[in-house]
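Let me begin by presenting the structure, written as structure tokens, before commenting on it.
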Amino acid sequence: MRPVYMISGGITKFSKAEPRKSFRVMAKEAFDYAVRDCPKITLERIDGTVVSYFSDHFTRQLKAGVMAVDMCGLVPKPTVRIEGGGATGGLCFQEAWRTIASGWMDCVVALGFETMSHVNTWKGNEFIALASDTNFDYPVGGFYSGYYAMMVVRHMHEFGTTVEQLAKVSVKNHKNALHNPWAQHHYDITVEDVRRSPMVAYPLTVLDICTMSDGAACAILASEAVAEKLCDNPVRVLGVGMGSDAMRMADRPHADVILLKHEDAKWYKDLKYPGVHSFRAGRTACKMAYERAKIDDPREDLDFVELHDAYTSSEIQTYEDMGLCKYGDGGKFIEQGHPELTGFIPVNPSGGLIACGHPVGATGLMQAVFAFWQCQGAIGKHCGGDDFIQLKQKRGKGRRHLRGAIHSHAGTGTYVTVSILEGTA
Amino acid sequence: MAKKKTTKKSTKGVSPSATAKAPHGPKPVYDKVRLAETDVGTTVFRTDPLIVKDHYEIDYIHSYAEDSPFFRGLAEGKLRGSQCTGCGYRFATPRAYCMECGRPTQWIDLPLEGRVHAWTTCYFGSEVFLKECPFNLALIEFDGVNTLFLTRLIGATQDEIYVGMPVKAKFRRLAQFKPTDVYFVPAQKA
């Protein structure tokens, strides 16, 4: 495998409904943004594309991938569609990485989109729930917010996590988003606001849950030689990892924790794992990505994380899967302010899915774009001069560049991807 | 005066009223090839951009295939799970092959009593279930079984349900051959 670099990225501003633009035009706009930001990238330079969108039901257009690609002027080059539920965008990023790492291509565009406003929210819930077992789960009350609610109820039972701790994630992510003009929701809210907002599935309220959205995102990846030629400030993809778990969360085992390098089996001698309180796919993806990126302890070796906070609860569960804290300590971790911008490992400085929205096929690539801008030190440039959420490289043994992880996650933790990005300039 | 002049001039032209009055007007033309008009209209939500209603519906010919005995069992008041013929792992939701070791499973009867392992009350949901809101979902754990079973929990409100609550299975008298043919109720109320 050879080194891979991200050389540009672009997004559209996600919105609950963007009826003025089709998915093709949104994809084109995200692509154009990326090309404008790195003008040496010409159509001739691009070898192929990887396109991601989650749901044929939402799009109501099969082979939509090639329609986005032809709108971008990238036919007749090779293209392929990637799909894996909520992790679709993260999988797309990694497929582009693989295409270059393997030496097959030198410059690849990862393009993702979703148009979820073409049905009402309750119909959208139905479409999303079709990504659960349609014999045993969906007909019982197929509703993803309900599934995640059950998972966090168990987390609360196992570890004493509180609804106020969940709400603090929403407060933090919305607060960060006040400085991100790309975010959809700019809310200055309190824990009480989150708890008083309408209940969706106990204990999750409207403000604990991301918004189904329309939008597109684009990441352009290249080999070392091409990155050097085209980009003044490329970002290295230091390592990637991915994991999976049973579609039905009822089937998940109750066994031993998969340990990260810095963890001790003694910490978890009484814990049944993953059960329904943790995401084994997330842990597996992290373990692989950390090993490939030579990260011994993510608490020391990462400067920030953009993770898949479709629910405040899944952000807390993911702190633990990623080894930012011990299993069971996720609630205390947010309560103590560690994932805040000023904490020791800022999580979702962009505002995450909670504040930006979740147009599924675009989401994982949106995280890549935000992380790319962070690693370039270019947040101010892309956020209208406001660089409040721009992070600095903290300490790190011998490191000189900002390093972050992006984490993309599919429903109830069936597919998870983790990619580590590091600045070079 | 000027007005009269203009009127005169226009009658010399080809205005429809003028031709209609003419003794030798053009003959009507009937298209030989023409799509028949209908009274089928379109529901329009907005005109700019133009947003219209686009209906889509489908009936599947769905086979429960290898899981068929589970659904037939529900109609007979039985809750069937799977046990691995190799490692003995017991699944509360049927599956043809063992997730732990990959070997085939055999059918087992599950106990009809268990405990709530995790739960929620849904106040919103997918279109098909909206009219049932609020409803409870629960994952049930059984003694001697390694995995859980997703079900509806009836007869208890959000304030009453707790992790560890003893529950009993009940079955619809008239089966619909859906996983909701079985549901659970608090053991005290069973």
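One residue alone among B:ASP59, B:ASP48 is more than 13 Å from every other protein chain (Cβ to nearest Cβ) and of a type in the set (Asp, Glu), and that residue is B:ASP59.
For the range A:320-340, indicate whether the set of residues that are over 26 Å from A:ALA17 (Cα atoms), part of a strand (DSSP E or B) and in contact (Cβ under 8 Å) with a residue 60 or more places away in the chain is non-empty. No, there is no match, as no residue in the range A:320-340 is over 26 Å from A:ALA17 (Cα atoms), part of a strand (DSSP E or B) and in contact (Cβ under 8 Å) with a residue 60 or more places away in the chain. For the range A:26-80, filtered to residues that are within 14 Å of chain B (Cβ to nearest Cβ) and part of a loop (DSSP other than H, G, I, E, B), the residue that is farthest from A:TRP104 (Cα to Cα) is A:ARG60.
Out of all the residues in the range A:20-57, which are acidic (Asp, Glu) and either farther than 14 Å from A:VAL369 by Cβ or in contact with a Pro (Cβ under 8 Å, 6 or more places away or on another chain) (or both)? Correct list: A:GLU44, A:ASP47, A:ASP56. Within the range B:60-92, the set of residues being in a helix (DSSP H, G or I) and not aromatic (Phe, Trp, Tyr) comprises B:ALA65, B:GLU66, B:ASP67, B:SER68, B:PRO69, B:ARG72, B:GLY73, B:LEU74, B:ALA75. Just to verify a result, which residue in the range A:137-158, among those that are touching a Lys or Arg at 6+ places or on another chain (Cβ under 9 Å) and in a helix (DSSP H, G or I), is farthest from B:SER63 (Cα to Cα)? Selected residue: A:GLU158. Residue count for the range B:33-45, restricted to those that are of a type in the set (Ser, Thr, Tyr) and either closer than 29 Å to A:ARG20 by Cα or within 14 Å of chain A (Cβ to nearest Cβ) (or both): 2. Criterion applied to B:VAL116, B:VAL182 was being under 25 Å from B:ALA65 (Cβ atoms), crowded, with 16+ Cβ neighbours inside 10 Å and not assigned by TED's automatic domain parsing to the domain that holds B:PHE70, and the one residue passing it is B:VAL182. For A:GLY343, are the conditions met, namely being part of a loop (DSSP other than H, G, I, E, B), out of contact with any Leu (no Cβ under 8 Å at 6 or more places or on another chain), among the small types (Gly, Ala, Ser) and farther than 30 Å from A:PHE127 by Cβ? Answer is yes for this residue.
Would you mind stating whether B:THR151 is within 7 Å of another protein chain (Cβ to nearest Cβ), in contact with a Phe, Trp or Tyr (Cβ under 7 Å, 6 or more places away or on another chain), among the hydroxyl-bearing types (Ser, Thr, Tyr) and more than 18 Å from B:GLU76 (Cα to Cα)? No: the conditions fail for B:THR151.
Results for (1) buried (at least 22 other Cβ atoms within 10 Å of the Cβ); (2) of a type in the set (A, V, I, L, M, F, W, C); (3) modelled with pLDDT under 95, shown as yes or no for each residue.
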| site | (1), (2), (3) |
| --- | --- |
| A:SER314 | yes, no, no |
| A:MET322 | yes, yes, no |
| A:TYR327 | yes, no, no |
| A:LYS332 | no, no, no |
| A:GLY337 | no, no, no |
| A:VAL369 | yes, yes, no |
| A:GLN376 | yes, no, no |
| A:LYS381 | no, no, no |
| A:GLN393 | no, no, yes |
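Candidates in the range A:100-136 are the residues that are under 21 Å from the mean Cα position of the chain (by Cα), in a strand (DSSP E or B) and among the hydrophobic types (A, V, I, L, M, F, W, C); of these, the one that is farthest from B:VAL182 (Cα to Cα) is A:VAL108. It is to be established whether one or more residues within the range A:151-168 are within 14 Å of chain B (Cβ to nearest Cβ), within 13 Å of A:GLY411 (Cβ to Cβ) and touching a residue at least 24 places away in the same chain (Cβ under 8 Å). Within the range A:151-168 (the criterion being within 14 Å of chain B (Cβ to nearest Cβ), within 13 Å of A:GLY411 (Cβ to Cβ) and touching a residue at least 24 places away in the same chain (Cβ under 8 Å)), the answer is yes, since at least one residue qualifies. Residue-level analysis places A:SER213 outside the set of residues that are more than 30 Å from A:SER55 (Cβ to Cβ), buried (at least 18 other Cβ atoms within 10 Å of the Cβ) and either among the hydroxyl-bearing types (Ser, Thr, Tyr) or free of Cβ contacts under 8 Å to residues at least 40 places away in the same chain (or both). Of all the residues in the range A:210-255, those that are within 13 Å of another protein chain (Cβ to nearest Cβ) and under 30 Å from B:LEU139 (Cβ atoms) number 13. Restricting attention to the range B:123-152, the residues that are outside any loop (DSSP other than H, G, I, E, B), touching a residue at least 12 places away in the same chain (Cβ under 8 Å) and either crowded, with 23+ Cβ neighbours inside 10 Å or β-branched (Val, Ile, Thr) (or both) total 8. Being under 29 Å from the mean Cα position of the chain (by Cα) and more than 30 Å from A:HIS118 (Cβ to Cβ) is a description that applies to B:ALA65. With the condition kept exactly as written, say whether any residue in the range A:276-286 is within 14 Å of another protein chain (Cβ to nearest Cβ), without any contact (Cβ under 8 Å) to a residue 40 or more places away in the chain and either surrounded by fewer than 21 Cβ atoms within 10 Å (Cβ to Cβ) or hydrophobic (A, V, I, L, M, F, W, C) (or both). No, because not a single residue in the range A:276-286 is within 14 Å of another protein chain (Cβ to nearest Cβ), without any contact (Cβ under 8 Å) to a residue 40 or more places away in the chain and either surrounded by fewer than 21 Cβ atoms within 10 Å (Cβ to Cβ) or hydrophobic (A, V, I, L, M, F, W, C) (or both).
Conditions tested, residue by residue: (1) within 11 Å of chain A (Cβ to nearest Cβ); (2) modelled with pLDDT of 95 or more; (3) not in a loop (DSSP other than H, G, I, E, B).
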| residue | (1), (2), (3) |
| --- | --- |
| B:PRO94 | yes, yes, no |
| B:THR157 | yes, yes, no |
| B:GLY164 | yes, yes, no |
| B:GLN176 | yes, yes, no |
| B:THR180 | yes, yes, yes |
| B:GLN188 | no, no, yes |
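A search for C-beta distances below 6 Å between a residue of the range A:119-134 that is farther than 17 Å from A:CYS210 by Cβ and any residue that is part of a helix (DSSP H, G or I) and of a type outside the set (A, V, I, L, M), counting only pairs 6+ apart in sequence or on different chains, returns A:LYS123/B:GLU127; A:GLU126/B:GLU127; A:SER132/A:TYR138.
Restricting attention to the range A:238-275, the residues that are under 22 Å from A:GLY90 (Cβ atoms), aliphatic (A, V, I, L, M) and part of a loop (DSSP other than H, G, I, E, B) total 4.
Of all positions in the range B:72-81, at least one carries a residue that is under 23 Å from the mean Cα position of the chain (by Cα) and among the hydrophobic types (A, V, I, L, M, F, W, C). Residues in the range B:96-120 that are assigned to a loop (DSSP other than H, G, I, E, B), under 23 Å from B:PHE184 (Cβ atoms) and touching a strand residue (DSSP E or B) at 6+ places or on another chain (Cβ under 7 Å) were compared, and the one that is farthest from the other protein chains (Cβ to nearest Cβ) is B:LEU112.
The values are calculated or read from the model by the stated rules, or taken from the named source; none is laboratory data. All values reported here derive from a predicted model rather than from experimental measurement. Don't worry about glycine lacking a Cβ; one is built from the backbone with ideal geometry, like all the others, and counts go over all protein chains shown.
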